[in-house]
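Derivation of every value follows stated rules applied to the coordinates shown; laboratory data play no part. Values in this document were obtained by computation on a predicted structure and should not be read as measured data. Methodologically, a virtual Cβ is constructed for each residue, glycine included, from the backbone with ideal geometry; neighbour enumeration extends over all protein chains shown.
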Amino acid sequence: MTERPRQLSLNAFIYPSGHHEAAWRHPQSRPDRIYDATYYQEIGRTAEAAKLDAVFFADGPALRTNVAHNAAPGLEPITLLTAIAAATTHLGLIATASTTYYEPYNLARLFSSLDHISGGRAGWNIVTTGTDVAAANFGLDRHPDHAERYARAREFVDAVVALWDSWEDDAILLDQAEGRYADPGKIHRIDFEGEYLKVRGPFNSARTPQGYPVLVQAGASNEGRSFAGRYAEAIFTAHQRLTDAQAFYADIKAKAKEFGRDADQVKILPGISPFIGDTEAEAKRLEREFNELTVPEYGLAQLESIVGKSLRHLSLDDLVPAEEFDGAGDVTDNERSRLQVVAGIVQRDRPTLRGLLHRLAGARGHRVFAGTPEQVADTIEEWFRNGAADGFNVMPPYYPGGLEVFASTVVPILQERGLFRTEYTGTTLRDHFGLARPESQFARRPELAR
């Protein structure tokens, strides 16, 4: 049997008006529709027509956007993805949910239901939540520190996966003649007990078409990388340079092997936010249009939240001093990964404050690229072929048109080069990503059964 050539994975990262912070002000975006479910269904159909692997929604349990100057994307993503599931047949559906502010049983039910309803297309982007403002929304005096959040997250994922596994695949008998719906011997209590969490089980729903939803993760700190190596089946990441992306890629694959996993079963998916034009000059002109719509106060507040201090002593046309980022550390080993991305831009390119704000306006530290469809396809192929990516999270600067242009111009080039599918060959998100369906741990290890 001939082995299928390695193929790109491509997700559409949905940010309602677009990933550029000024997108909501541009005439090609639709901020008036960000609370309209049919808007997202249309985006889902566009992504599916292009044979993309999935759509992805980020989320957080607090109002973080400065709503004075930007549109607030407030719909709960798991609910919204159920609406997209009803409008599509193959498209994967990935949502962010926090291990800090959910409980395992409730979250397990939400994603299991999405996976059943969609026929096996769900993915869970596991986050620990990095913002202090969330704590007060849950009656807490403080946000847990980094190490505590990851310790809870490890217990959380172990408990959720055990719940999803607690029904073996053949637990349902559906023997109407004998009156036996399920075999209780194939349904197990998990009796999970850790330092932070205690969950008895069993789950109240059968295993899903995928076994369980795809586990996705986006942390780039030391703790986050270790977590990814242990659990993640797909990893979302932000890199500006090929060399940094290659180092991250190699590190995560090595960590997966350390945990006894098949590194090919871990997909690394950096973000790319493409401004696309018929010519490079046209693409760069479009990028400038968006940058000219930015509100400096908004971007400065965002930058200060990354840096952790005020930069108000700088004027917009001052060069940003590299010493403002002393202690940011190296991108390969420091805990503050997004700070390192910004520090790298400052140290390499020496931008003015205005220029730095424009660089970050495009996609919050993810790679922004302006060029022709061929140039966008070239950079995707370069990273894919050179050990930097297994695919990409496509982050259109504006919605819906930015995705439509990518789908109609860049995807066909990737297909012509044999890098991306022309038709879906499976029905589940695991099929699209080329991931194996996991066996229930209780079937694999009968000694766990109670």
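Counting only aspartates and glutamates at least 8 places from Lys198 when in the same chain, those with an alpha carbon closer than 15 Å to its own are Glu103, Glu155, Asp158.
Sorting the segments 124-134, 309-319, 69-79 by their residues' average number of neighbouring beta-carbon atoms within 10 angstrom, most packed first, yields 124-134, 69-79, 309-319.
With a 10 Å radius around each residue's Cβ, average the other Cβ atoms per peptide and rank 394-406, 179-191, 37-49, 285-297, highest first.
394-406, 37-49, 285-297, 179-191
Inter-label distance, Gln347 to Ile172: 5.4 nm, where each label sits 7 Å from its Cα along the C-beta direction. With r as the distance between the Cβ atoms of Glu374 and Glu103 and R0 = 51 Å, compute the FRET efficiency 1/(1 + (r/R0)^6) and round to 0.05. Efficiency computed from Cβ-Cβ geometry: 0.55. One chain, two ends: Ser310 and Arg444. Fully extended at 0.36 nm per residue, the span grows by 42.8 nm beyond their Cα-Cα distance. Electrostatic bookkeeping for Arg142 treats Lys and Arg as +1 and Asp and Glu as -1; over the other residues with beta carbon under 15 Å from its beta carbon, the sum is -2. Check cross-link reach from Lys186 to the aspartates and glutamates: straight Cα distance under 14 Å, and skip same-chain residues fewer than eight apart. Qualifying aspartates and glutamates at Cα under 14 Å: Asp165, Glu168, Asp169, Asp170, Glu439, Glu447. Quick one: go through the stretch 200-229 and flag any residue whose amide nitrogen is under 18 Å from the point 7 Å out along the Cα-to-Cβ line of Thr427. Flagged as within label range: 206-214. Looking at the chain alone, DSSP beta bridges between its own residues are antiparallel in about 20 percent of cases.
Computed over the chain, relative contact order equals 23 percent, with contacts defined as Cα pairs under 8 Å that lie 6+ residues apart.
Each residue of the stretch 417-434 was assigned a 3J(HN,Hα) from its phi angle through the Karplus curve 6.51 cos²θ - 1.76 cosθ + 1.60 (θ = phi - 60°); the sequence is 7, x, 9, 9, 4, 9, 9, 5, 10, x, 10, 9, 5, 4, 4, 4, 7, x Hz, with glycine and proline shown as x. Each of Thr100, Thr279, Thr427 was scored by other Cβ atoms within 10 Å of its Cβ. Listed from fewest to most, they are Thr279, Thr427, Thr100. Put simply, when 10-17, 353-360 are sorted by average Cβ atoms within 10 angstrom per residue, most first, you get 10-17, 353-360. Centre-to-centre, using Cα atoms only, the stretch 351-409 and the stretch 186-232 are separated by 32 Å.
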